[in-house]
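Colleague: Take this structure, written in structure tokens, and hold onto it; I'll ask about it next.
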Amino acid sequence: MIRVKKIETDQELQEAFKIREIVFIDEQECPPEEEFDGLDEESIHFIAYITGEPVGTSRYRTTDKGVKLERFAVLKEHRGKGVGKRLVQTAIVQIAATFEAGTLLYMHAQLDAMPLYARYGFEKVGDKFVEAGIEHFLMKKTFS
């Protein structure tokens, strides 16, 4: 069973950082200084567990454009089990409880994750771009 919760303790945050290190730095070869960008303190973080083991994470933060969802990461051995889906759902529910209708939600989506985000109403905007050495598209949706 997948359990996703808002991060409330330093231990949970450290578990999330470890997942991001494994997925983004080790697996995808993202530079550590780009992954740990100094914006974690101003972000709301989530962690996903399967039978008590931390397996996925994400965060969102407010920007001058709206609410940016980012750092969706699921450990390789747990992909395809619905963890990413639950992380997206949980973030959207939290945002719905916090922000007004009409708020812009957006993300820089890696190509292979775009179908997941599209299921939740995010639409591709503009041209493909490279961020941290990885191809992305901007995806947006207006929260209603």
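Every number in this text was worked out from the coordinates using simple rules, so none of it is lab data. Everything quoted here is computed from the prediction, not taken from an experiment. When we count neighbours, we look across all protein chains shown, and the Cβ atoms used for this are built from the backbone with ideal geometry, even at glycine.
Colleague: Specify which of the listed residues (85, 141) is farther than 20 Å from residue 28 by Cβ, in contact (Cβ under 8 Å) with a residue 24 or more places away in the chain and not in a strand (DSSP E or B).
Modeller: Answer to the selection: 85.
Colleague: Here's something else I'd like to know. For residue 139, work out the one condition from (1) loosely packed, with under 14 Cβ neighbours inside 10 Å; (2) touching a Phe, Trp or Tyr at 6+ places or on another chain (Cβ under 9 Å) it doesn't fulfil.
Modeller: (1)
Colleague: Let me ask something else about it. Scan region 1-40 for residues that are more than 14 Å from the chain's Cα centre (by Cα), closer than 25 Å to residue 52 by Cα and either among the small types (Gly, Ala, Ser) or part of a loop (DSSP other than H, G, I, E, B) (or both) and jot them down.
Modeller: Selection gives 1, 8, 9.
Colleague: Residues to consider are 96, 48, 109, 73; find the one that is part of a helix (DSSP H, G or I) and either of a type in the set (D, E, K, R) or surrounded by 12 or more Cβ atoms within 10 Å (Cβ to Cβ) (or both).
Modeller: After applying the criteria, what remains is 96.
Colleague: Right, next: Just to verify a result, which residue in region 80-139, among those that are among the basic types (Lys, Arg) and more than 14 Å from the chain's Cα centre (by Cα), is nearest to residue 67 (Cα to Cα)?
Modeller: By that ranking, first place goes to 124.
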